[in-house]
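Let me begin by presenting the structure, written as structure tokens, before commenting on it.
The values are calculated or read from the model by the stated rules, or taken from the named source; none is laboratory data. Bear in mind that the values here come from a model prediction, so they are computed numbers and not experimental data. Cβ: placed from backbone, ideal geometry, glycine included. Neighbour counts: every protein chain shown.
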Amino acid sequence: MSGDKNKFLGNISPENFLKEYWQKQPCLIRQAFPDFNCPLGADELAGLACEDGIRSRLVLEKDGDYPWQVKHGPFTESDFKSLPDTHWSLLVQDVNQHVPEIAALLQHFCFIPFWRIDDIMISYAAEQGSVGPHLDSYDVFLLQGTGKRQWQINPDDYSEDDFIPDLDLRILKHFQSKQDWMLEPGDMLYLPPGVAHLGIAVEPCLTLSIGFLAPSRSELITNFIDDSLANSPHGIRYSDPDLKIQQHPGEISKQSLEKIRHMMASALADTAGIDHWFGKYITRMQTGPVPVNETRLDPAAFKSCFMEKEILHRNDYCRSAFIQHDNKITLFINGEEYPLPKELLFAAKLITEQRRIDFRTFENHPLLNEILVILCELYNQDIYYFEG
Ligand code: SIN
Ligand code: CO
């Protein structure tokens with residue numbers, strides 16, 4: 001899996017990339033993907049944007065009903081026919097979930113934990129198309145797919161007042177480029193969160209945004225608390241059997257405040273609860289309908305099928321991760337948890353790191369049958385499938 005790690009980052013080792021650039025400063029990697037042959041064309045991207053359940057947007061800089069108008073998909077062919085010649089972009093999210101060749105690109109980023117991956121968004125821009133100067137709150141690798149795009153960046157700090165009010169997009173009022181590069185197919189620009197950037201298509205082009213998520217503290221706390229409340233709606237309540245007469249009944253006493261603080265802090269002090277909740281939260285699926293296997297198999301039938309087909313495919317909508325505890329492992333897939341004995345670390349790695357599992361790579365493993373039972377269960381839950 002790690003064979004061509006170095007090749008992909010040019011002369012920078014993944015260790016150096018993390019040390020010098022990751023979340024610190026932009027990094028241009030010329031020919032990160034030498035002779036890159038973009039697995040998806042503009043027409044196929046437009047086709048995806050016409051499908052139900054796929055998140056897509058059209059951004060019209062000048063020729064919409066108002067400046068920087070954003071229209072949301074699904075679109076129809078006639079939506080594309082009525083577009084101007086220049087200054088627009090089509091953006092499609094989660095393309096890695098829908099196009100296996102795009103999902104395969106994620107393996108190159110295995111020097112970053114997979115749970116940090118958000119999605120691969122692909123944009124098609126007409127000549128002069130862009131989404132305006134803006135900031136993102138996530139790390140992104142901007143890989144040029146086809147055509148040329150000029151990227152300009154400015155790492156200054158910005159405040160809320162620096163954005164144009166009342167637009168569909170958060171666009172900076174004034175943007176002064178401090179550094180710029182022309183990207184050609186296979187070139188890749190890494191940007192940490194918060195670096196202002198503007199990418200203008202100098203000719204019609206496709207750009208892949210490999211985005212990494214970093215949940216905000218408020219998102220985490222809100223979600224964790226919502227989850228805890230859903231699981232115990234009538235949980236702990238304020239109680240004061242030790243109440244004494246107060247000198248000033250209008251006062252909130254130190255003792256009462258202490259109880260309130262303790263009640264609230266104890267909700268966030270449940271470290272094991274937080275770990276389990278986080279595994280589920282971060283592997284929750286973003287999008288809708290998933291393919292369903294036609295048959296359900298028992299472990300024996302599953303094993304014969306696996307031996308015959310040789311390759312087991314993981315659905316690309318799947319999000320997975322695992323946590324190692326002292327005496328067990330918890331595997332998380334699409335927001336569900338699966339406890340595993342710690343001897344089955346091999347299975348947890350196989351499931352979370354490989355999109356395609358080759359039977360021959362573990363047919364002699366001493367825990368073969370135990371691993372097959374887990375894979376069979378996941379097959380029956382439509383997380384895996386056989387081709388053909
Ligand atoms: C784009 O591909 O047009 C936008 C990508 C970005 O600026 O993050
Ligand atoms: Co951006």
Checklist entry - Quick check, is residue 171 in contact (Cβ under 8 Å) with a residue 12 or more places away in the chain and touching a helix residue (DSSP H, G or I) at 6+ places or on another chain (Cβ under 6 Å)? => result no
Next on the checklist: For a quick check of your reading of the model, give me the residue pairs whose first member lies in region 49-64 and is touching a residue at least 24 places away in the same chain (Cβ under 8 Å), whose second is within 16 Å of ligand 2 (Cβ to nearest atom) and of a type in the set (Ser, Thr, Tyr), with beta-carbon atoms closer than 6 Å and at least 6 apart or on different chains.
Outcome noted: 59/89
Checklist entry - Could we say that residue 240 is of a type in the set (Asp, Glu), in contact (Cβ under 8 Å) with a residue 60 or more places away in the chain and loosely packed, with under 12 Cβ neighbours inside 10 Å here? => result no
Checklist outcome for this item: If we keep only residues of region 75-127 that are touching an Asp or Glu at 6+ places or on another chain (Cβ under 7 Å) and small (Gly, Ala, Ser), then the residue farthest from ligand 2 (Cβ to nearest atom) is 103
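The rows are residues; the columns are (1) part of a loop (DSSP other than H, G, I, E, B); (2) surrounded by 14 or more Cβ atoms within 10 Å (Cβ to Cβ); (3) among the basic types (Lys, Arg); (4) in contact (Cβ under 8 Å) with a residue 24 or more places away in the chain.
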| residue | (1), (2), (3), (4) |
| --- | --- |
| 17 | no, yes, no, yes |
| 28 | no, yes, no, yes |
| 36 | yes, yes, no, yes |
| 66 | yes, no, no, no |
| 75 | yes, yes, no, yes |
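For region 191-201, name all the residues that are within 12 Å of ligand 2 (Cβ to nearest atom) and either surrounded by fewer than 22 Cβ atoms within 10 Å (Cβ to Cβ) or modelled with pLDDT under 95 (or both).
192, 193, 194, 195, 198, listed by residue number.
Can residue 219 be described as more than 13 Å from ligand 2 (Cβ to nearest atom), assigned by TED's automatic domain parsing to the domain that holds residue 91 and either within 30 Å of residue 172 (Cα to Cα) or modelled with pLDDT of 95 or more (or both)?
Values: more than 13 Å from ligand 2 (Cβ to nearest atom): yes; assigned by TED's automatic domain parsing to the domain that holds residue 91: no; either within 30 Å of residue 172 (Cα to Cα) or modelled with pLDDT of 95 or more (or both): yes.
No, not satisfied.
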Checklist entry - In region 11-26, is there at least one residue being in contact with a helix residue (DSSP H, G or I) (Cβ under 8 Å, 6 or more places away or on another chain) and closer than 21 Å to residue 132 by Cα? => result no
